1. Considering every residue within the range 102-114, establish whether at least one is in a helix (DSSP H, G or I), within 30 Å of LYS184 (Cα to Cα) and open to solvent by 20 Å² or more (accessible area, probe 1.4 Å).
2. Which members of the range 210-229 meet the condition of being within 25 Å of SER158 (Cα to Cα) and touching a residue at least 40 places away in the same chain (Cβ under 8 Å)?
3. Might you check whether a residue that is at positive phi, open to solvent by 50 Å² or more (accessible area, probe 1.4 Å) and not in a helix (DSSP H, G or I) occurs anywhere in the range 259-276?
4. Could you list all residues from the range 172-198 that are part of a helix (DSSP H, G or I) and of a type in the set (A, V, I, L, M)?
5. Pairs only if they're at least six apart or on different chains, beta carbon under 8 angstrom, first in the range 247-263 and closer than 24 Å to SER192 by Cβ, second of a type in the set (Phe, Trp, Tyr) and outside any helix (DSSP H, G or I); list them, first residue then second.
Amino acid sequence: PPRSTLFPYTTLFRSAEQLWGNVLKQAPVTAHDIEPITEVWSGKTNSKIKAYNKEMAEKREEFKKKTFWSFETGAAESEVSIEQAKKECIEEEKTLIANAHLCSIFGMPKLIDESKEIMRANNRDLTNIKQAWSATEDLETFIHRSNDILWREIDPESLDEGAKFQSKCVKSLNKDIRWCPLYKQIQANIKSFQASIPLISLLGSKSMRPRHWGMLQKATGKDFIPPHEDADLQLGGILSLNLDKFVTDVEEIADQSAKEEKMEVQLVSLKQRWQGIEFLMDNYKDTDVPLLKVQEEDY
């Protein structure tokens with residue numbers, strides 16, 4: 001464009017440059033003039049943020065008491081509680097950002113770090129507890145389906161594989177939430193289930209007789225219809241005995257049944273062996289004293 005059209009812009013640039021120079025000269029003077037006010041507000045901000053950090057620490061403790069940390073709350077109610085906590089965190093984030101801005105203005109950005117970490121911890125926990133409830137639902141479904149398996153159709157190996165997978169899922173949950181009642185309960189549930197599998201395998205032995213099931217009823221103190229009386233007995237009926245609390249009793253009963261089965265086999269063998277033997281009788285030497293004997297091949 002013609003040089004004449006650039007004149008107004010050149011003048012404007014020079015004017016802006018001059019104004020900026022005046023601002024730089026005035027800045028130290030102004031800073032000195034407002035120093036007392038800055039110190040006052042800096043002190044007020046310092047006190048405010050410290051109080052806010054304390055408030056956030058208290059809110060953190062309240063956060064750890066929310067219902068979704070408990071197994072008894074249930075998945076459905078916990079989901080609602082988690083969503084509500086997320087909304088509360090979003091609102092709190094606004095206050096946190098405003099306070100962080102104040103700290104930045106007065107040259108104390110790290111003063112708010114404590115509250116920032118609490119907010120990050122809350123957000124992490126919400127993600128982790130949601131995963132924990134997902135694992136809980138999967139575990140509950142697995143145990144429920146296992147309970148429905150007919151006793152006569154139980155496959156201990158398949159059951160063990162499924163339990164190991166569920167245990168792996170529980171153990172993979174973030175370590176930060178292992179303090180909570182929910183994690184402790186599902187960990188206890190899968191441990192109890194896994195501990196019962198070897199016992200289920202023992203009780204599933206063909207050597208178990210009605211008398212042995214009667215011994216189990218006495219050991220557990222619970223009445224139940226044993227498999228030889230209920231062809232449709234489900235695994236849940238046996239798991240309800242809390243076998244993991246009677247490990248020694250179950251092992252002793254199963255061991256006794258196995259040994260007695262061997263005795264039964266031996267007795268049958270002995271009976272069959274002696275049924276075919278014919279006893280003979282001869283007098284002892286030249287006397288009238290009779291002696292029993294068997295044929296050479298029977299002997």
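The values are calculated or read from the model by the stated rules, or taken from the named source; none is laboratory data. None of these values were measured; they are calculated from a predicted model. Positions of Cβ are generated from backbone atoms using ideal geometry, with glycine treated the same way; all protein chains shown enter the neighbour counts. Please note that ligands, DNA and RNA were not included when accessible areas were found on the heavy atoms of the full protein model with its side chains. Shrake-Rupley method; radii C 1.70, N 1.55, O 1.52, S 1.80 Å.
1. To start, the set of residues in the range 102-114 that are in a helix (DSSP H, G or I) comprises 102-105, 109-114.
Cutting the leftovers down to within 30 Å of LYS184 (Cα to Cα) gives us 114.
Of the ones still in play, those that are also open to solvent by 20 Å² or more (accessible area, probe 1.4 Å) are 114.
Yes, that holds for at least one residue.
2. PRO227
3. Initial filter on the range 259-276 (at positive phi): none.
Checking the range 259-276: not a single residue is at positive phi, open to solvent by 50 Å² or more (accessible area, probe 1.4 Å) and not in a helix (DSSP H, G or I).
4. Just the residues of the range 172-198 that are part of a helix (DSSP H, G or I), to begin with: 175-177, 181-198.
ILE177, LEU182, ILE186, ALA188, ILE190, ALA195, ILE197, listed by residue number.
5. none
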